[in-house]
Amino acid sequence: MVEYGYGHWDVVILNIMLFSLFLLFIPFRRKVAYPQKSIYLAFITALFAEMYGFPLTIYILTAYFGYSNPLTHEAGHLLYPEQGMMSPFHILSNFMILGGIILIIAGWRKIHNAGGKLVTEGVYRHIRHPQYLGLLLLASGLLIQWTTLLTALMWPVLIYLYVRLAKREEKEMEEKFGEAYLEYKRGVPMFIPFPKIHVTAFSDRLKGE
């Protein structure tokens, strides 16, 4: 299978190690809880194991559902052939991965230099949890590039866990910073940076109903 781009377990291990180090050295507003970190690494492991190790998803679909793809490395995922190198899917996924990395690093720089103070500047002026959004964008981009049964099932679990983690973190921030954080929370969205004028207009419309 090596000639088809699989069986490269050294590449699998290298990528898993790089992502593990990345998660280990990126500081967050609170220590990332064990379930979130372990599920994220499990997602990365499953993705690269099927990308370069063994195409489990394709074998399962072939054995039980008569699914057939050409025996090439590029055909080893569920979005083939829509996911070619120049397809809109692939281009979008590259932007998502790059955007996720930028958000994680931008959040890291602010947290690293904050000295325990409330961070409301830089990327935190636009969203309250840029690093968690960055992690989810990164995972989503990778999922689009190499969609498998395991990663497709784990992806919504990742979203649920990180949204729950963000809400748990916000309760701690409210206890620590009080009204200052509540004021910040009222003016800045959690994940999606909607224009503030649109949010205000929507809120006023609801009050008028």
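General remarks:
- Within the range 137-193, restricting attention to residues that are among the aromatic types (Phe, Trp, Tyr) and closer than 27 Å to residue 64 by Cβ, the residue that is surrounded by the fewest Cβ atoms within 10 Å (Cβ to Cβ) is 155.
- Entry remark, the range 181-208: residues being assigned to a helix (DSSP H, G or I), modelled with pLDDT of 90 or more and among the aliphatic types (A, V, I, L, M) number 1 in total.
- Within the range 155-195, the set of residues being in contact with a Ser or Thr (Cβ under 8 Å, 6 or more places away or on another chain) and over 13 Å from residue 127 (Cα atoms) comprises just one member, 155.
- Considering the range 103-123, the residues that are more than 19 Å from residue 136 (Cβ to Cβ) and among the hydrophobic types (A, V, I, L, M, F, W, C) include one that is surrounded by the most Cβ atoms within 10 Å (Cβ to Cβ), namely 119.
- Of all residues in the range 98-148, those satisfying the criterion of being in a helix (DSSP H, G or I) and of a type in the set (Val, Ile, Thr) are 101, 102, 104, 105, 111, 123, 144.
The values are calculated or read from the model by the stated rules, or taken from the named source; none is laboratory data. Since the model is a prediction, treat every value here as computed from it, not as a measurement. Cβ coordinates were reconstructed from backbone atoms using ideal geometry, including for glycine residues, and neighbour counts include every protein chain displayed.
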